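What follows is one structure encoded as structure tokens, with my remarks underneath.
The values are calculated or read from the model by the stated rules, or taken from the named source; none is laboratory data. What you see is a predicted model, and the numbers here were worked out from it, not measured in a lab. Here Cβ is always computed from backbone atoms with ideal geometry, including for glycine, and neighbour counts include all displayed protein chains.
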Amino acid sequence: MNKNITSHEFVITKKQRNKINNHTSFVIWFTGLSGAGKSTIANALENKLNDNSIHTYLLDGDNIRQGLNVDLTFSQEDRSENIRRIAEVSSLLIDAGLVVLSAFVSPYRKDRMMVKSKVKDINFIEIFVDTPLEECIRRDTKGLYGKAKKGLIKNLTGINAPYERPENPNLRIDTTKYTVDEAVKMILNTIETKLEKSII
Ligand code: ADP
């Protein structure tokens, strides 16, 4: 860290923002293969949370890879830098009092652990969207698997780049077994106590 930068004691804290919002703030971290259903479930969950006056923000490839992280590739090094920056943003948003929904493949265990340590364990809920690769390939929502098959993409997670499964996620959802609505209910059950607010 630059030795000329000192940290300032902020007057308004997370605790005060949580009090105004009437709920706690933390990150719900979705990990899984491309096409697993991370964004779909995160969007449906955010909708439900907003119906219940929970202040949220959804981070995903669309608003991060095209802006803040537009300079990064899909090499292992850049993927780690991608997640490091998202961890920093998530941490700020948690401090701002929001329930953050982060939907990123985040294939490396060490990167996810880095997020957990950045935002602190207590503020990190890991949701493993565990859809089998064959089903993701069948869906091919972004056409990436088709391109990889033709040799047009290198580094595609699950095909020619690794995915390290979470060892101990807070929740594992196989979307071939549960609908989006069921997945949202499972997540709500997992976070309700932590939110300190009941959801209808
Ligand atoms: P990711 O964000 O993981 O890359 P997306 O959410 O963009 O994945 O795409 C997942 C696709 O799978 C969507 O087209 C979605 O409609 C479909 N899908 C089918 N069943 C489910 C389910 N049970 N949960 C989530 N997505 C599902």
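Filtering region 121-128 for residues that are more than 23 Å from Thr175 (Cα to Cα) and crowded, with 16+ Cβ neighbours inside 10 Å leaves a non-empty set.
Consider Asp181 carefully, then state whether it is within 15 Å of the ligand (Cβ to nearest atom) and either in contact with a His (Cβ under 8 Å, 6 or more places away or on another chain) or within 17 Å of Ser34 (Cβ to Cβ) (or both).
On the way: within 15 Å of the ligand (Cβ to nearest atom): yes; either in contact with a His (Cβ under 8 Å, 6 or more places away or on another chain) or within 17 Å of Ser34 (Cβ to Cβ) (or both): no.
So Asp181 fails the test.
Checking each residue in region 138-161 for being among the hydroxyl-bearing types (Ser, Thr, Tyr) and either within 21 Å of Met186 (Cβ to Cβ) or part of a loop (DSSP other than H, G, I, E, B) (or both) picks out only Thr141.
Note on region 162-197: residues that are buried (at least 18 other Cβ atoms within 10 Å of the Cβ) and in contact with a Lys or Arg (Cβ under 8 Å, 6 or more places away or on another chain) amount to 2.
Would you mind finding the one in Lys147, Lys118 that is modelled with pLDDT of 95 or more, crowded, with 16+ Cβ neighbours inside 10 Å and either in contact with a His (Cβ under 8 Å, 6 or more places away or on another chain) or closer than 23 Å to Asp78 by Cα (or both)? Write out each step before concluding.
Values: Lys147 fails: crowded, with 16+ Cβ neighbours inside 10 Å.
The match here is Lys118.
Looking at region 144-176, which of its residues are basic (Lys, Arg) and under 21 Å from the mean Cα position of the chain (by Cα)?
First, pick out the residues of region 144-176 that are basic (Lys, Arg): 147, 149-150, 154, 165, 172.
Arg165, Arg172, listed by residue number.
If you go through region 65-106 and pick out every residue that is farther than 21 Å from Phe26 by Cα and under 13 Å from the mean Cα position of the chain (by Cα), you end up with 0. For region 93-100, does any single residue satisfy the condition of being at positive phi and in contact with a helix residue (DSSP H, G or I) (Cβ under 8 Å, 6 or more places away or on another chain)? Looking for residues that are at positive phi and in contact with a helix residue (DSSP H, G or I) (Cβ under 8 Å, 6 or more places away or on another chain), one finds at least one in region 93-100, hence yes. Just one of the listed residues (Glu164, Glu135) is part of a helix (DSSP H, G or I) and either within 16 Å of the ligand (Cβ to nearest atom) or more than 29 Å from Lys48 (Cα to Cα) (or both), and it is Glu135.
Each row is one residue, and each column tells you yes or no for (1) touching a strand residue (DSSP E or B) at 6+ places or on another chain (Cβ under 9 Å); (2) of a type in the set (S, T, N, Q); (3) within 30 Å of Asn18 (Cβ to Cβ); (4) modelled with pLDDT under 95.
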site: Gly143; (1), (2), (3), (4): no, no, no, no
site: Tyr163; (1), (2), (3), (4): yes, no, no, no
site: Tyr178; (1), (2), (3), (4): no, no, no, no
site: Ala183; (1), (2), (3), (4): yes, no, yes, no
site: Glu196; (1), (2), (3), (4): no, no, yes, yes
site: Ile199; (1), (2), (3), (4): no, no, yes, yes
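Here is the figure for region 167-193: residues that are touching a residue at least 40 places away in the same chain (Cβ under 8 Å) and outside any loop (DSSP other than H, G, I, E, B) total 11. What number of residues within region 1-33 satisfy the criterion of being aromatic (Phe, Trp, Tyr) and without any contact (Cβ under 8 Å) to a residue 40 or more places away in the chain? Going through region 1-33 one residue at a time, the tally reaches 1.
Yes/no per residue for (1) touching a helix residue (DSSP H, G or I) at 6+ places or on another chain (Cβ under 6 Å); (2) touching a residue at least 24 places away in the same chain (Cβ under 8 Å); (3) of a type outside the set (Gly, Ala, Ser):
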| residue | (1), (2), (3) |
| --- | --- |
| Val129 | yes, yes, yes |
| Leu133 | no, yes, yes |
| Cys136 | no, yes, yes |
| Leu144 | no, yes, yes |
| Lys147 | no, no, yes |
| Lys150 | no, no, yes |
| Ile153 | yes, no, yes |
| Leu156 | yes, yes, yes |
| Arg165 | no, yes, yes |
